[in-house]
Amino acid sequence: FISPIQILVELTEMMQKGLSGFRRFLDVVETEPEIVNAPDAESIDEVNGHVSYENVSFHYSDDDTPVLSNVTFDIPAGKSVALVGPSGSGKTTICSLLPRFYDVTAGKITLDGVDIRNLSLAELRDEIGFVPQKGILFSGTIASNLKFGRPEATEAEMTEAAEIAQATEFINEKPEKYDSGIAQGGTNVSGGQKQRLSIARAIAKNPNVYIFDDSFSALDMKTDAALRKALESKTKESSVISTILHADQILVLDEGKIVGKGTHEELLRDCEVYQQIAQSQLSAKELGLEEGKEEK
Ligand code: ADP
């Protein structure tokens, strides 16, 4: 027997919980920096993919500590940069600013010369293939996940993307292949498989700009090397931000500042922070010193 009073108490509790949940939601929404669509957005006729960071400084809205200070670099279409630096130096933040998950606090980022804040969010994000650190999968099938960025991708484009991402072997082992189910968050595939499917999704989108934010960390050395090689020809025309060291230009970050710019060889010679990272943090795999060694 539940008394009317009990019902009333429970109802009130539920309402309060609901309300405080709603308040928490409002708090989150209100503290997020406002990413607004430009009222009269410019449009780029034919995007080449030239990305430029000009004196970019940034701090998260809940914290005044500068996370990036005067970061300047240029990626002509078809070129790549790699971000290198200790944990917390700002690599992920640099990646997050380009699709406007956050807006710069000072300076600007341009795509083909247009400040990205003047483009519509939809147009900007359409141009970018973004692979976050852990990969993201949605509930559905492998196919629906691969075509998420470009639903009109053909079967051939989808399988080509999976091949480049070194994902076909495990996909083909599944009885239902591309129609195999993916659980929300990708909990029914391994970390490395999740990364490969997320990479394949970005490739199937065929974007002008790729961002790989430490997207290769869960791959074994052999897969990593094969993927990198296959990716190189596919991304020839696009600009690429990654943490892959075989980039045209490596940016060395330390506490949100660029402290070195150049090729691996130049930095080993001239940049103290890079030398330290190379000695203490970069694995032989990352330095490309051991390629093929483990396969023996
Ligand atoms: P990295 O990718 O090089 O490890 P991050 O860009 O993730 O570096 O972090 C740079 C700095 O920004 C760190 O000091 C980190 O603690 C801080 N930071 C990262 N994300 C947030 C956030 N959402 N809110 C506040 N501070 C953050």
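Computed from the Cβ-Cβ distance with R0 of 25 Å, the FRET efficiency linking residue 136 to residue 163 stands at 0.75.
Calculate the FRET efficiency for residue 79 and residue 152 from the Cβ-Cβ distance with a Förster distance of 22 Å, rounded to the nearest 0.05. E(calc), rounded to 0.05, equals 0.20. Computed over the range 129-265, the P(r) curve from all C-alpha pair distances, binned at 10 Å from the origin, holds 12, 44, 30, 11, 3, 0 percent per bin.
Return a whole-number percent for the relative contact order of the range 52-108, with Cα pairs under 8 Å and 6 or more residues apart as the contact set.
Details: 70 pairs, mean separation 24.6, N = 57.
Averaging sequence separation for qualifying contacts and normalising by length gives 43 percent for the range 52-108.
Shown in residue order for the range 48-63 are the 3J(HN,Hα) couplings computed by the Karplus curve 6.51 cos²θ - 1.76 cosθ + 1.60 at θ = phi - 60°: 8, x, 6, 10, 9, 9, 10, 6, 7, 10, 7, 9, 5, 5, 8, 7 Hz (x for Gly and Pro). Residue-wise HN-Hα couplings along the range 268-276, as the Karplus relation 6.51 cos²θ - 1.76 cosθ + 1.60 with θ = phi - 60° gives them from phi, are 4, 7, 10, 10, 4, 4, 5, 4, 5 Hz; Gly and Pro carry x. Between residue 246 and residue 41, the simple spin-label model (points 7 angstrom out along Cα→Cβ) gives 3.6 nm.
Over the C-alpha trace of the range 41-124, radius of gyration and Dmax come out as 13.0, 39 angstrom.
Binning all Cα-Cα separations of the range 66-206 at 10 Å, short to long from zero, yields these whole-percent fractions: 11, 36, 31, 19, 4, 0.
Values quoted throughout were computed directly from the atomic coordinates according to the rules given, and no laboratory measurement underlies them. All values derive from a computational prediction rather than experimental measurement. Because the Cβ atoms are built from the backbone with ideal geometry, glycine has one as well, and the counts that use them run over all protein chains shown.
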